[in-house]
1. Would you please name the trypsin sites (Lys or Arg not before Pro) within region 85-161 that are DSSP coil residues with at most 16 other C-beta atoms within 10 Å of their C-beta?
2. Order these by the 10 Å Cβ neighbour count, fewest first: TYR228, TYR26.
3. With the cut-off at 1.5 for a/c, could you classify the chain from its C-alpha gyration tensor as rounded, prolate or oblate?
4. About the Cα centre of the chain, how large is the charge dipole given +1 on each Lys and Arg Cβ and -1 on each Asp and Glu Cβ? Please answer in debye to the nearest 20.
5. Please name whichever of ALA44, MET156, THR92 sits farthest to the positive end of the charge dipole of the chain, dipole taken about the Cα centre and charges placed at Cβ: Lys and Arg +1, Asp and Glu -1.
6. Give, in nm to one decimal, the length gained when the segment between ARG9 and LEU230 is fully stretched (0.36 nm per residue of separation minus the Cα-Cα distance).
7. I need LEU32, LEU123 ordered by Cβ neighbour count within 10 Å, fewest first.
8. Give me ILE130, ILE17 ranked fewest to most by other Cβ atoms within 10 Å of their Cβ, as a rough exposure proxy.
Amino acid sequence: MSERGFDIRRQTGFNTIAVFCFVMLYLPIILLVVYSFNAGTSIAIWEGFSWRWYVSAWDNEKVQAATFRSLIIACAASMIATSAAVLAALATTRTRPWRGQMLVFALVNQPLMVPEIVTAVALLIFFAIIKVATGYTGLWYLIVAHAAFCIPFAYMPIRARLQGMDLSLEQAGADLYGTPFKVFCRVTLPQLWPAILAGSMLSFVISLDDVVITEFVKSAGQDTLPTYMLGQLRRVITPEINAISTVLLAISILMVSGFFLLSRSKK
């Protein structure tokens with residue numbers, strides 16, 4: 001046996017397989033971005049460079065309305081999901097072990113384990129009952145549905161941060177007669193904020209990009225940007241869809257990059 005041990009990078013064909021996987025993964029995305037600058041109406045034939053479709057998307061009132069609605073839902077859902085995730089993370093890391101703790105952990109992470117279509121159908125049935133009983137058909141159904149789905153995405157980085165924090169400072173605060181709330185505000189929260197911000201950013205991206213749950217829960221006239229794009233793909237496909245997708249891609253990359261940097265923060 002080699003003294004260096006097993007190293008997957010030294011296996012025969014590893015580099016070839018890795019390059020092939022990256023090409024298959026990123027080449028379609030690169031083509032999408034390139035053809036968003038196509039001057040013609042085709043999504044497959046290059047007819048010259050132009051900002052035409054970005055201008056068209058910017059001036060499209062339906063795109064503006066869907067974008068504004070998506071941002072409202074994503075912001076509200078991420079705030080609700082992050083608040084719930086902080087409370088759940090504190091309950092599962094800053095208390096003595098209690099019966100049912102692992103069950104709560106599994107329930108919090110349920111959206112990650114259950115197929116999204118199942119969650120969407122369940123929310124559709126649940127909200128349909130409420131709609132019939134109350135007659136209310138506003139955006140709050142989408143906000144609550146997105147928040148419920150986003151909680152585990154915010155919970156995981158926050159819980160990981162709490163588990164990695166030194167308890168000595170919190171114990172010192174308690175020894176100095178600090179109440180649990182004051183210790184949390186003055187000791188725990190300043191150390192926890194990078195994970196909270198990272199979790200909220202990840203929740204925002206997940207909510208902004210969601211199609212399945214939105215398609216099942218939304219009422220008439222409540223298209224978000226992803227569901228608007230899905231509707232357009234069923235009608236006439238133009239590079240305007242590429243332009244909108246490129247903007248969403250840029251936002252997602254920025255948010256995920258911020259999440260990665262904040263998750264690595266140790267201060």
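1. On the way: sites: ARG94, ARG99, LYS131, ARG159, ARG161; in loops: ARG94, ARG99.
Taking region 85-161 and a limit of 16 other Cβ atoms within 10 Å, the loop trypsin sites (Lys or Arg not before Pro) found are ARG94, ARG99.
2. TYR26, TYR228
3. Details: a/c = 2.07, a/b = 1.32, b/c = 1.57.
It comes out oblate by the Cα gyration axes.
4. 660
5. Value: THR92.
6. Between ARG9 and LEU230, full extension yields an extra 75.6 nm.
7. LEU32, LEU123
8. Going from least to most buried by this count: ILE17, ILE130.
Readers should treat all values here as calculations from the given coordinates under stated rules, not as data from a laboratory. Values in this document were obtained by computation on a predicted structure and should not be read as measured data. Here Cβ is always computed from backbone atoms with ideal geometry, including for glycine, and neighbour counts include all displayed protein chains.
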